[in-house]
Amino acid sequence: MLHHGLYLSMYIQRNKKADPELEAIRQRRMQELMAQRGGANQQNAGQQKAQEEAKQEAEERRQMMLAQILSSEARERLSRIALVKPDKARGVEDVLLRAAQTGGISEKVSEERLISLLEQINTQTTKQTKVTIQRRRSVLDDDD
């Protein structure tokens, strides 16, 4: 395989000297490909920026809705929870927003009501940890 690569490179070098038109065509084609790749990167960057802006806008709307639903104490408690367990806080926010959209919340959620909601969620999502210890048996250990 090495010999084929060597012969191929020698052939290309020989043909470069022999045919300048072919080399010019190759150079143009290479520039076109690079330009296309650069254009695709600009489009991807534009799409990425638009997606990030949409995410940020959705997050702002979410925070505004939560500000309308939660009392200041409850919002503060939820933000402290988000510092420690962001996924849990996000889940609680989802539950609150769904309840607000379906009409389950008629007044602002107080800190006490948020605590009771957190306790309900904790009882539903309690993870049980099970530890199993397996001892390796050595070849020298006897079973008798």
(Q) Apply the Karplus curve 6.51 cos²θ - 1.76 cosθ + 1.60, θ = phi - 60°, to the phi angles in region 99-113 and return the couplings in whole Hz, x for Gly and Pro. (A) 5, 5, 5, 8, x, x, 10, 9, 9, 4, 7, 7, 5, 5, 5
Q: Quote the relative contact order of region 25-118 in percent (integer), defining contacts as alpha-carbon pairs under 8 Å separated by 6+ residues.
A: 29
Q: Determine the gain in length on full extension of the stretch Val84-Ala24; use 0.36 nm per residue of separation and subtract their C-alpha separation, reporting nm with one decimal.
A: 15.4 nm
Q. If the chain between Ile115 and Gln51 were fully stretched, how many nm would it gain, using 0.36 nm times the residue separation less the Cα-Cα distance?
A. 19.6 nm
Q. How large is ³J(HN,Hα) for each residue in region 51-62, as worked out from phi by the Karplus curve 6.51 cos²θ - 1.76 cosθ + 1.60 (θ = phi - 60°), to whole Hz, x for Gly and Pro?
A. 5, 5, 5, 5, 4, 5, 5, 5, 5, 5, 4, 4
Q: For region 22-73, count all C-alpha to C-alpha pairs, find those more than 12 Å apart, and express that count as a whole percent of the total.
A: 75
Q: Could you pull out the GluC sites (Glu not before Pro) across region 46-143 that fall in loop regions by DSSP (anything but H, G, I, E, B) with no more than 12 other Cβ atoms inside 10 Å?
A: Glu107
Q.
Please list, ordered by chain and number, the residues whose modelled amide H lies under 5 Å from the amide H of Leu70; skip anything fewer than 5 residues away on the same chain.
A. Val109
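Values in this text are rule-based calculations from the coordinates and carry no lab data. Remember, it's a predicted structure, so these values are computed and weren't measured experimentally. Methodologically, a virtual Cβ is constructed for each residue, glycine included, from the backbone with ideal geometry; neighbour enumeration extends over all protein chains shown.
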